[in-house]
Amino acid sequence: MLTKRNKLLKRVRAVALAAVLFCTPVIGTIVVASPIRAEAATINGLQINQKLQTINASSRYGNDVKYIVVHYTGAPGSAVNNATYFANGYRGASAHYFVGYNGEIWQSVSDNLAAWSVGGNKYLGTKGGSVYGKCTNYNSINIEMCVRTSGSRSDTSKDWYFENATINSTVKLVQGLMKKYDVPLSRVVRHYDVVGKYCPNPFVLNDDPVTWSSFKSMVAGDQNLPEDSGSSIEVSTKPSTPSNGGSTAASGVNVRYQAYVNGQWLPWVTNYNNVSSDGYAGIPCKAITGLKAYTVGSQSAVGNLQYRVHLQGGQWLSWVTDASGKTPNDYAGIYGHVIDGIQVRLINKSGYHAEVRVQLTDRTGWLSWSSQYSTGADAYAGIYGIGIDRVQIRIVKN
């Protein structure tokens, strides 16, 4: 006969499983597995700063740490800003550690909890995913490396790079965690190896001076660490997330957009958040049925944003130009009809282009950025037949 405690555990685990299968956020008490080990102020001689949170984490349900997964943040931002961002509310994603530009480390999720880092379906069209189904949120520790870019912010751009100080501290952190949890080098993997996502970008495209192969050689102690020339970038203690749920465009051209979900228009979003994958229009697991967007400012300064949507089981609708909601029908879509594709393009502004990316109702993780539409229906964000629940739009320099 089940005790009251066992019944509670069974109910919580059932809810958690439903969240994974049906894309439903779990809200309530986190049932924490027995601590793996007490947290230390240092790991392998590295000072570990902590801004721990539990809202973006869950129990390991008795699973031991078997993998260490390396990621990149996907946008410029300091380690403390990332940790602060995840501590300030529900994000639907998380990581255990963030390694900053100067090698500083901030811990966001306790080791004895599961961070939401490697869940979701396997990416199609990549050669990654060799440990898909083996490495999970429940048996891994996840490390995010803060990244810089010399130009493009596309997922497949070769402009992303790591500071040497970031690499050095990540190597030492991985070494310390390997020793602490008896994880072999063969189970130090990339996010790319788990689901096929181009993460960490510089260690997938291998265009950085330090490749994934050489990084693992450093972890093994077979190769010297890169020379740390230091970073002059000031580390801010303020969150990177603006109060409007968006960000200032790196290109200088701002775009605003909003989504229609569950019978109402959600708040406007400006650009997209430069930290993690928030700062979007939409609600997780709720299909979007309408979209409005426009560039902010005069046409001569910012051009015009055009966009259109594809309806699930239907076709592409007509283009809409700078829809700011001033008239009742000033939007793309048909109320009640799920959107499964979005195309964008910037006109009347040379040297710049528009990009869009989306998440889908049946899985977690952003699809790749879709760049400026030209002709046909090839350059679009989405997958025909699957509803879109989150969208991000940005304007970038060519």
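The values are calculated or read from the model by the stated rules, or taken from the named source; none is laboratory data. Since the structure is predicted, the reported quantities are computational estimates derived from the model, not experimental observations. Backbone-built Cβ (ideal geometry, glycine too); neighbour counts: all protein chains shown.
Taking each residue of segment 116-128 that is more than 28 Å from residue 87 (Cβ to Cβ) and looking for partners that are buried (at least 19 other Cβ atoms within 10 Å of the Cβ) and not small (Gly, Ala, Ser) with beta-carbon atoms closer than 6 Å, six or more apart or interchain, yields 122/195; 123/195; 123/197; 128/192; 128/193.
Residues checked against (1) modelled with pLDDT of 50 or more; (2) among the charged types (D, E, K, R); (3) assigned by TED's automatic domain parsing to the domain that holds residue 361:
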residue	(1), (2), (3)
234	no, yes, no
237	no, no, no
245	no, no, no
262	yes, no, yes
274	no, no, yes
285	yes, no, yes
296	yes, no, yes
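In a helix (DSSP H, G or I) and either under 20 Å from residue 189 (Cα atoms) or among the aromatic types (Phe, Trp, Tyr) (or both): does that describe residue 98? For residue 98, the condition - in a helix (DSSP H, G or I) and either under 20 Å from residue 189 (Cα atoms) or among the aromatic types (Phe, Trp, Tyr) (or both) - is not met. The set of residues from segment 339-398 being in contact with a strand residue (DSSP E or B) (Cβ under 9 Å, 6 or more places away or on another chain), hydroxyl-bearing (Ser, Thr, Tyr) and either assigned by TED's automatic domain parsing to the domain that holds residue 92 or over 22 Å from residue 319 (Cβ atoms) (or both) comprises 361, 368. Counting only residues that are closer than 17 Å to residue 256 by Cα and at pLDDT below 90, segment 332-351 holds 1 of them. Within segment 131-162, the set of residues being under 20 Å from residue 183 (Cα atoms), touching a Phe, Trp or Tyr at 6+ places or on another chain (Cβ under 9 Å) and not in a strand (DSSP E or B) comprises 131, 134, 136, 137, 138, 139. Within segment 282-302, the set of residues being more than 14 Å from residue 343 (Cα to Cα) and buried (at least 23 other Cβ atoms within 10 Å of the Cβ) comprises 282, 288, 289, 295, 302. The single condition from (1) at pLDDT below 95; (2) under 17 Å from the mean Cα position of the chain (by Cα); (3) hydroxyl-bearing (Ser, Thr, Tyr); (4) under 20 Å from residue 197 (Cα atoms) that residue 78 fails is (4). Would a scan of segment 62-79 turn up a residue that is in contact with a Gly (Cβ under 7 Å, 6 or more places away or on another chain), hydrophobic (A, V, I, L, M, F, W, C) and outside the structural domain of residue 282 (by TED's automatic domain parsing)? Looking for residues that are in contact with a Gly (Cβ under 7 Å, 6 or more places away or on another chain), hydrophobic (A, V, I, L, M, F, W, C) and outside the structural domain of residue 282 (by TED's automatic domain parsing), one finds at least one in segment 62-79, hence yes.
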